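Q: Take a look at this one; I'll ask things after.
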Amino acid sequence: MVQQMEQLADLKPVHRRQAAVLALWRWRAPALAFELDAEWGVDRSVLESLFHLAASPPGEQSDRAYRRAIAELCTAPLFTSEVDPDTVQLFQLEIISNLLAFGELLDKPGADEVERVVEASAGLADYLDGLVEGSFYSHPSEEAHLQYLAGLADRASEGYFSTRHLAVETACHGALAFLPDSAGLPDSSKGRELLALCEDFGDELVTTMQWLRTTGH
């Protein structure tokens, strides 16, 4: 992780921002695949717009639109009431928190703010590993996960999702310097490739979160 952050610090501000967008995008599928608690009053379309605005071409116009969407999100009852989330909802809340952190990054686009968003993404992967390991049930893909880890002897002591997250993050960070400065991530072939990589990881997360909810973790 230290090496990852050092790499980020050496990048242009626009590419650090793109690293934060990709960190958000890895959790886009889990945020949107499950129904939101009706009592939260959170409009799903607002969450969808936040992800897409974050990935849009950087600039004052997109920044203003993101801030407006954040302001609309924060009017939801969720932000003025106590909640008692289940496992999936806890992830949803943490993802929403990271979307808010990205909004703060727009006002103060420093390396520390980017690191906060990127580390939050990695932390959720670590947490998911803990839930899987603590379950009374065997994960449906346990054998495949063990085989994946067995091929990475230097990281075999870490959990599957933490290790997969690092692999995706490393691939993203390694390509950041080659992304166009003024285009949104969906506007270049390399950007679309990285978004798809994050989406594939997100689909894996959704499958495991569905399993956790079904087994009643």
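The values are calculated or read from the model by the stated rules, or taken from the named source; none is laboratory data. All values reported here derive from a predicted model rather than from experimental measurement. Note: ideal-geometry Cβ built from the backbone for every residue, glycine included; neighbour counts use all protein chains shown. We work out accessible area using only protein heavy atoms, side chains counted, and drop any ligands, DNA or RNA first. Shrake-Rupley method; radii C 1.70, N 1.55, O 1.52, S 1.80 Å.
Q: Could you work out the pair-distance distribution P(r) of segment 94-170 from its alpha-carbon pairs, with 10 angstrom bin width and percents rounded to whole numbers?
A: Per 10 Å bin, starting at zero, the Cα-Cα P(r) for segment 94-170 comes out as 17, 40, 26, 15, 2 percent.
Q: Can I ask one more? Run the helix sum for the chain: -39,500 (n - 2.57) per DSSP H stretch of 4+ residues, divided by residue count, reported at 222 nm to the nearest 500 deg cm²/dmol.
A: -22500 deg cm²/dmol, from helical runs alone.
Q: What is the calculated FRET efficiency for D112 to Q210, with r their C-beta to C-beta distance and R₀ = 35 Å, to the nearest 0.05?
A: 0.50
Q: Grab the beta carbon distance between A9 and V83, set R0 = 35 Å, and tell me the FRET efficiency rounded to 0.05.
A: Step by step, r from the Cβ atoms, then E = 0.45.
Q: For segment 50-98, build the convex hull from the C-alpha positions and give me its volume per residue in Å³.
A: Convex hull volume per residue, Cα atoms: 71 Å³.
Q: With a 1.4 Å probe and every protein chain kept in, tell me what percent of the accessible surface of segment 1-86 is carbon plus sulfur.
A: 50
Q: Percent of accessible area on segment 121-183 owned by carbon and sulfur, 1.4 Å probe?
A: On segment 121-183, the fraction of accessible area on carbon and sulfur atoms equals 56 percent.
Q: Mind telling me which of T80, T163, T207 comes out most flexible in a GNM of the chain, alpha-carbon contacts under 10 Å?
A: So, out of T80, T163, T207, the one fluctuating most is T80.
Q: Between P58, P85, P13, which gets the highest mean-square fluctuation from a Gaussian network model of the chain, Cα cutoff 10 Å?
A: So, out of P58, P85, P13, the one fluctuating most is P85.
Q: Provide the convex hull volume over Cα atoms per residue for segment 1-151, in Å³.
A: Hull volume normalised by residue count: 138 Å³.
Q: Please report the orientation-averaged projected area of segment 81-217, defined via the convex hull of its C-alpha atoms, in nm².
A: In nm², the orientation-averaged hull projection of segment 81-217 is 10.3.
Q: Report the label-to-label distance for T75 and L152 in nanometres (one decimal), using points 7 Å from each Cα along the Cα→Cβ vector.
A: 4.3
Q: Please state the relative contact order of segment 139-217 as a whole percent: Cα pairs under 8 Å, 6+ residues apart?
A: It comes to 20 percent, rounded to a whole number.
Q: Across the Cα atoms of segment 154-217, what radius of gyration and what greatest pairwise Cα-Cα distance (Dmax) are found, in Å?
A: Considering segment 154-217 through its Cα atoms, Rg and Dmax are 14.9, 46 Å.
Q: Any idea of the accessible area per residue across segment 143-197, 1.4 Å probe, to the nearest Å²?
A: Spelled out: the 1.4 Å probe surface of segment 143-197, per residue, equals 50 Å².
Q: Next up: Top mean-square fluctuation among S62, S121, S138, Gaussian network model of the chain, C-alpha springs under 10 Å?
A: Greatest mean-square fluctuation among the candidates belongs to S138.
Q: Report F79's accessible area, 1.4 Å probe, all protein chains in place, as a number in Å² to the nearest 10.
A: Accessible area, nearest 10 Å²: 80 Å².
Q: Say the dipole of segment 77-116 comes from +1 at the beta carbon of Lys and Arg and -1 at that of Asp and Glu; which of V114, I96, S81 then lies farthest toward its positive end?
A: Farthest towards the positive pole: V114.
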